[in-house]
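*Asks:* Please see the structure below; I have some questions.
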Amino acid sequence: MAEPVRAGVIGVGALGQHHARVYESLPEARLVGVYDRHRGRAAEVAARHSCRAFADLRELLAEAEAVSVAVPTVDHHRVARAVLEEGRHVLVEKPMASTLAEADDLIRAAGERGLILQVGHIERFNPAVDVLRATVKEPRFIEVHRLGEFSPRSLDIDVVLDLMIHDLDILLSLDGSEAVRVDAVGVPVLTPKVDIANARVRFASGLIANLTASRVSAEKVRKFRVFSPRTYISVDFTAREARVYRLQESPSGPAISVERTAAPEEEPLRRQLSGFLRAVREGSTPAVTGADGRRALALALTILHRMADQN
């Protein structure tokens, strides 16, 4: 049995604390410690998970082999770059950077050093997405709703980079062609940033996707609907279930068959971090590469630019 990977977490706020929790629970990992600019917060999370709270980032990097970076988006590039410069593998939360130039720099830095760079698009690891990817053939139209209640986290970025980018990544993983037309609108509601957004994207393949994201809604909705020839698939990411409707011929004429698939109760974050550690141990390509993260970021930034054009 291989030795557990020595793992660390930089930034243990609302999301990073769960990275620490999962690393502690994984047999293939040994959580060596956490770092946060708020020392009290680092000490609290470290005590909860029986590891060390490092007062200096370099000291954590001296102990860890692989690190999760869960700091605010504006700091993703700076912190992930520091991790790579120390020769450590990194999983950086989404969006991977604030600009494409920063994303390119991280990809280049990891490549030059032969290090794993994984981007934290956690919905890729939702078991319901497995059903989606296994079932979808030649998608022609996709309708997405990702709505959430207001939360004081991630207010340094627009809802497109905060929430919609999850679905952009899934969308891009289903269709390999480039976006050829993007129309988008968005408005601020409770913050100076865009809180509600809608985008319509046409791809070179002919696929059209309509996406709506909100972080000021009254209820939580995570629906991804795909229309293909003779097939309609509705996925609920929150319930982690999928329904597949197929048009079939029968002696009495066309009929609709319905299949309901409940995805296994596996925590997406656990699957994500386990996959990251496997890539580190094996030197294999991670499930969500830096190139994947860059592609999702590029489309998200294009949507934001289209919104700006409407003003």
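The values are calculated or read from the model by the stated rules, or taken from the named source; none is laboratory data. Note that the coordinates shown come from a computational prediction; the quantities given were computed from them, not determined experimentally. Glycine also receives a Cβ, built like all others from the backbone with ideal geometry; neighbour counts cover every protein chain displayed.
*Asks:* For the condition on the phi < 0 side of the Ramachandran plot, buried (at least 16 other Cβ atoms within 10 Å of the Cβ) and part of a helix (DSSP H, G or I), what is the one hit in ARG21, ARG78?
*Replies:* ARG21
*Asks:* If GLY33 satisfies all but one of (1) in contact (Cβ under 8 Å) with a residue 40 or more places away in the chain; (2) not in a loop (DSSP other than H, G, I, E, B), what's the number of the condition it fails?
*Replies:* (1)
*Asks:* Residues that are acidic (Asp, Glu), at least 2 per element: which strands (runs of 3 or more DSSP E) completely within the range 130-242 meet that?
*Replies:* Here the list is empty.
*Asks:* Also, quick follow-up: Report the residue count in the range 87-104 for those that are within 23 Å of THR285 (Cβ to Cβ), crowded, with 17+ Cβ neighbours inside 10 Å and of a type outside the set (Val, Ile, Thr).
*Replies:* Within the range 87-104, residues that are within 23 Å of THR285 (Cβ to Cβ), crowded, with 17+ Cβ neighbours inside 10 Å and of a type outside the set (Val, Ile, Thr) number 10.
*Asks:* Would you say VAL71 is assigned to a helix (DSSP H, G or I), among the hydrophobic types (A, V, I, L, M, F, W, C) and buried (at least 16 other Cβ atoms within 10 Å of the Cβ)?
*Replies:* Judged against the criteria, VAL71 is not a match.
*Asks:* Can you tell me which residue is modelled with the lowest pLDDT among those in the range 246-287 that are among the hydrophobic types (A, V, I, L, M, F, W, C) and more than 20 Å from TYR23 (Cα to Cα)?
*Replies:* Going through the qualifying residues, I end up with ALA263.
*Asks:* Further, regarding this structure: I need the full set of residues from the range 81-97 which are in a loop (DSSP other than H, G, I, E, B) and farther than 17 Å from ASP169 by Cβ, in order please.
*Replies:* Within the range 81-97, GLU86, GLY87, ARG88 meet the criteria.
*Asks:* Additional query: Here is a list: ALA291, ALA279. Which entry is touching a Pro at 6+ places or on another chain (Cβ under 7 Å), assigned to a helix (DSSP H, G or I), closer than 28 Å to LEU100 by Cα and not charged (D, E, K, R)?
*Replies:* Step by step, each of ALA291, ALA279 is checked, and only ALA279 is touching a Pro at 6+ places or on another chain (Cβ under 7 Å), assigned to a helix (DSSP H, G or I), closer than 28 Å to LEU100 by Cα and not charged (D, E, K, R).
*Asks:* Suppose we filter the range 33-83 for residues that are among the hydrophobic types (A, V, I, L, M, F, W, C), within 21 Å of ALA279 (Cα to Cα) and in contact with a Leu (Cβ under 6 Å, 6 or more places away or on another chain); how many remain?
*Replies:* Residues meeting the conditions: 2.
*Asks:* Which residue out of ALA204, ALA197 is surrounded by fewer than 22 Cβ atoms within 10 Å (Cβ to Cβ), in contact (Cβ under 8 Å) with a residue 12 or more places away in the chain and either in the same structural domain as LEU132 (by TED's automatic domain parsing) or more than 26 Å from LYS137 (Cα to Cα) (or both)?
*Replies:* ALA204
*Asks:* Being touching a helix residue (DSSP H, G or I) at 6+ places or on another chain (Cβ under 6 Å) and at pLDDT below 95 is true for just one of PHE150, PHE125. Which residue is that?
*Replies:* PHE125
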